[in-house]
Amino acid sequence: MSEAFYAQAKLYDLMFPGGGPAVDYYRAEASRQGGSVLELGCGTGHKLIPIASDGHPSTGLDFSSEMLAEARRKADERGVAVEWVQGDMRAFDLGRTFDLVFITANSLLHLHEAEDLISCFRSVRRHLAPGARFVFDVFNPNVSMLAEANGTRRTRRSLSFTDPDRGTVSVDITETYDAPSQVTRGTWHLSAESEPDFLVAPVELRSIFPQELLLLLSLGGLRLTERFGDWSGGPFAGDASLQLCVCEPV
């Protein structure tokens, strides 16, 4: 679950400040559905706080107590009411249903075993109200890019950020791809000029290939109704970097 990485909630928000087309998409989806919203793997509330601010009764579930604490602080600061729940998306029971359930930002890919993914989908299925939808986004695996995960440490300039206490922070990532498990095993190195490698943390993400995804959903009691290749609703194609999936109960 990459706990060490997500324990640094404030650093996470500096590196990934939120906003952008993903937030716009999920806000629009919540407005289209109406009613109550559940986000699994909600992190620090990048998507859910704006949705709650639109007036939707909102619940966020996350495995990390540190991420939830930061989400709660941010929501309170904005005067937005959200129910925050610490839990495991592989198996949860909130005792009620929702009109929209979503998982974003590749959070689903922290589940590495097929059994865990199916269990998650079954838990989602039990929490869907009549007419509800389940929406999630994961990357579309690119075989060439997976082959480049050869253990070389590389700087990701697009991820650099400014920390008020440390100044400019650079991010290096070392990755290897384990084909049998379909898991990319990465180590993230965060460094400041005066403090090299002040954070070294593993981040491991599974790949879910497009045809495999259909079977996993089916075993979880769900069916894919739409799959888009970008946040504007463009068609999904082999060269798309994104799998944006809309599902309903079987």
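The values are calculated or read from the model by the stated rules, or taken from the named source; none is laboratory data. Here the structure is a predicted model, which is why all the values come from computation and not from measurement. We place every Cβ from the backbone using ideal geometry, glycine too, and count neighbours over all the protein chains shown.
Residues that are over 22 Å from Leu199 (Cβ atoms) and either at pLDDT 95 or above or outside any helix (DSSP H, G or I) (or both): does the range 62-73 have at least one?
Yes, the range 62-73 contains a residue that is over 22 Å from Leu199 (Cβ atoms) and either at pLDDT 95 or above or outside any helix (DSSP H, G or I) (or both).
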Exercise for review: Might you check whether a residue that is aliphatic (A, V, I, L, M), more than 23 Å from Leu109 (Cα to Cα) and buried (at least 20 other Cβ atoms within 10 Å of the Cβ) occurs anywhere in the range 52-60?
Suggested key: yes
**Study point:** Enumerated strands (runs of 3 or more DSSP E) restricted to the range 99-199, each holding at least 1 residues that are farther than 30 Å from Gly55 by Cβ and more than 17 Å from the chain's Cα centre (by Cα)
**Key:** 150-155, 161-163, 167-178, 183-192
Exercise for review: Filter the range 32-48 for residues that are in contact (Cβ under 8 Å) with a residue 24 or more places away in the chain and either surrounded by fewer than 23 Cβ atoms within 10 Å (Cβ to Cβ) or touching a His at 6+ places or on another chain (Cβ under 7 Å) (or both) and give the result.
Suggested key: Gln33, Gly34, Gly35, Ser36, Val37, Leu38
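Output the residue which, of all residues in the range 98-137 that are of a type in the set (Gly, Ala, Ser) and in contact with a helix residue (DSSP H, G or I) (Cβ under 9 Å, 6 or more places away or on another chain), is nearest to Cys245 (Cα to Cα).
Start the filter on the range 98-137 by keeping residues that are of a type in the set (Gly, Ala, Ser), which leaves 105, 107, 114, 119, 123, 129, 131-132.
Subsequent filtering for residues that are in contact with a helix residue (DSSP H, G or I) (Cβ under 9 Å, 6 or more places away or on another chain) retains 105, 114, 131-132.
Details: Ala105: 12, Ala114: 18, Gly131: 16, Ala132: 14 Å.
Across the range 98-137, the extreme among qualifying residues is Ala105.
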Review point. Assuming Phe5 fulfils every condition listed in (1) part of a helix (DSSP H, G or I); (2) surrounded by fewer than 16 Cβ atoms within 10 Å (Cβ to Cβ); (3) in contact with a strand residue (DSSP E or B) (Cβ under 6 Å, 6 or more places away or on another chain) apart from one, which condition is it?
Key: (2)
**Study point:** Glu248 being acidic (Asp, Glu) and within 21 Å of Ala114 (Cα to Cα)
**Key:** yes
Exercise for review: Pick out the one residue from Ser241, Ser232, Ser194 that is more than 28 Å from Ala9 (Cβ to Cβ) and out of contact with any helix residue (DSSP H, G or I) (no Cβ under 7 Å at 6 or more places or on another chain).
Suggested key: Ser232
Study note, to complete from the structure: Those residues of the range 61-79 which are buried (at least 17 other Cβ atoms within 10 Å of the Cβ) and under 17 Å from the mean Cα position of the chain (by Cα) amount to Leu61, Asp62, Phe63, Ser64, Met67, Leu68, Glu70, Ala71
